[in-house]
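Enquirer: Here it is, the structure, as C-alpha cells.
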Amino acid sequence: MRELFPLGSSEQVLMRLRQHWVIFARHAIIYCFFLALPFGLWWLQQRFLPELFLDPTSFFTIAIELLMSAYLLFVLQAFFTSWVDYALDVWVVTNQRVLNVVQNGLFHRTVSELDLGNIQDVSSNIKGVIPTMFNYGTITVETAGEQDNFAFPNLPHPEMVGKKLLELSRAVETKKPAVQPVVPTLTPKAKL
Amino acid sequence: MSIPLIALFIPYGIFVVFVAIRLIANMYHVLRYAFLHRASLIMASLFLAGMALVLAGTAQALSNTPWNSSVRVTVPTNLLQPSQENLP
C-alpha cells in the first residue's frame, strides 16, 4: 500500500488515526447554514416582496443572480477546502515510530516524526460535554530528551490509543539490544 | 442609464476562474491522498456536483439574457418624487 512516507523494511503501519468526525460535523453545520442562507432569503422575498424580480432582464435581477451564484460557489469551495484539511490531518503509528501529518491550508504540510523508543509517557485528556459524550480528546506524548512533546487533538478513543502506544513503546524498548558499557582499557604501553 | 451586461459578467468570470483554481488544488490533494481516506472521493464528488448545480442554475437563470446586450438601470420614479401625502 502507498504511504505518505517511505517505510523501513520491517516497518508496518498499525494505526492510522484522524480527528473525530464531530470536529468536521461542527464545521459542516456552519457551512450548511451559509449555504441555506440565500435560499431562505429567496423564500422571504417570494413571500413578502414578490414584485422585486419581476423583470428577469433588469440589471438588478441579473446582478443579484450573479452575486448569489458567486456566493454559493465561494461557500462550496470553502467547505471543500475544510474537508480536505480535515481528511489530510492524520496520525500514523507504525511498529517503529509515530508520524503526525498536519495539513495547514492547501499548500502547507507539516510532518513530524517520533521514534516509539523515545516515548516516556502518554497522557489522554477528555475535556467538555461533547468530547465526553462522543469519547474524543487530546493525546499528549512526552518524549525523552529535548524533542518537543507530541500532541494530537480531538482523537477518538484517546485512552485506548494511549494504552496501545505505551504497549508498543515498551515492546520496542524490550527489543532494543543491551548497550555494552564502554570501559577504557589500558594498554601495556600506557601503563608505562 | 444603460450598462453593458458584460460589465457584470467579467468580474463574475474572474471569480469563477479563482474558484476553479481552488477546486483543482483541492482535487489534486483528494486524488493524491485518496489511499489515505476513500471517503474523500465521495465528498469530492458531492462538492463537484454542488458546484455544477450552482453553475447550471446560474446559466439557466440567465439563459434568456443575451450577454452582449445592455441593461437599463432604472430608479423607481416614485422614490425621486415627494409623495403627495407629505406635501403641505
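Enquirer: Take the residues in segment A:54-108 that are among the hydroxyl-bearing types (Ser, Thr, Tyr) and either more than 9 Å from every other protein chain (Cβ to nearest Cβ) or touching a residue at least 12 places away in the same chain (Cβ under 8 Å) (or both), then tell me which one is farthest from residue B:53 (Cα to Cα). Working first, answer last.
Expert: Going residue by residue through segment A:54-108, those that are among the hydroxyl-bearing types (Ser, Thr, Tyr) are A:57-58, A:61, A:69, A:71, A:81-82, A:86, A:94.
Checking the rest, the ones that are also either more than 9 Å from every other protein chain (Cβ to nearest Cβ) or touching a residue at least 12 places away in the same chain (Cβ under 8 Å) (or both) come to A:71, A:81-82, A:86, A:94.
Working: A:71: 13, A:81: 18, A:82: 20, A:86: 24, A:94: 43 Å.
My answer is A:94.
Enquirer: Still on this structure: Against the definition (part of a strand (DSSP E or B) and more than 14 Å from every other protein chain (Cβ to nearest Cβ)), how does residue A:146 come out, yes or no? I'd like the intermediate steps shown before the answer.
Expert: Numbers: part of a strand (DSSP E or B): no; more than 14 Å from every other protein chain (Cβ to nearest Cβ): yes.
When the stated conditions are applied, residue A:146 does not pass them.
Enquirer: A further question follows. Please work out if residue A:25 is under 20 Å from residue A:86 (Cα atoms) and either assigned by TED's automatic domain parsing to the domain that holds residue A:72 or at pLDDT 85 or above (or both). Talk me through it step by step, then tell me what you get.
Expert: Numbers: under 20 Å from residue A:86 (Cα atoms): yes; either assigned by TED's automatic domain parsing to the domain that holds residue A:72 or at pLDDT 85 or above (or both): yes.
Yes, satisfied.
Enquirer: Scanning for something without any contact (Cβ under 8 Å) to a residue 12 or more places away in the chain and at positive phi, does segment A:129-147 turn up at least one residue?
Expert: no
Enquirer: While we're here: Against the condition facing another protein chain (nearest Cβ under 10 Å), in contact (Cβ under 8 Å) with a residue 40 or more places away in the chain, of a type in the set (A, V, I, L, M) and touching a strand residue (DSSP E or B) at 6+ places or on another chain (Cβ under 6 Å), how does residue A:122 come out, does it pass?
Expert: Numbers: facing another protein chain (nearest Cβ under 10 Å): no; in contact (Cβ under 8 Å) with a residue 40 or more places away in the chain: yes; of a type in the set (A, V, I, L, M): yes; touching a strand residue (DSSP E or B) at 6+ places or on another chain (Cβ under 6 Å): yes.
No: the conditions fail for residue A:122.
Enquirer: Let me ask something else about it. Can you pull out every residue in segment A:50-62 that is part of a helix (DSSP H, G or I) and crowded, with 16+ Cβ neighbours inside 10 Å?
Expert: Within segment A:50-62, A:59, A:61, A:62 meet the criteria.
Enquirer: Would you mind telling me which numbered condition in (1) in contact with a helix residue (DSSP H, G or I) (Cβ under 7 Å, 6 or more places away or on another chain); (2) more than 9 Å from chain B (Cβ to nearest Cβ); (3) touching a residue at least 40 places away in the same chain (Cβ under 8 Å); (4) in a helix (DSSP H, G or I) residue A:19 fails?
Expert: Every listed condition holds for residue A:19 apart from (4).
The values are calculated or read from the model by the stated rules, or taken from the named source; none is laboratory data. Since the model is a prediction, treat every value here as computed from it, not as a measurement. All Cβ positions, even for glycine, are placed from backbone atoms using ideal geometry, and neighbour counts span all protein chains on display.
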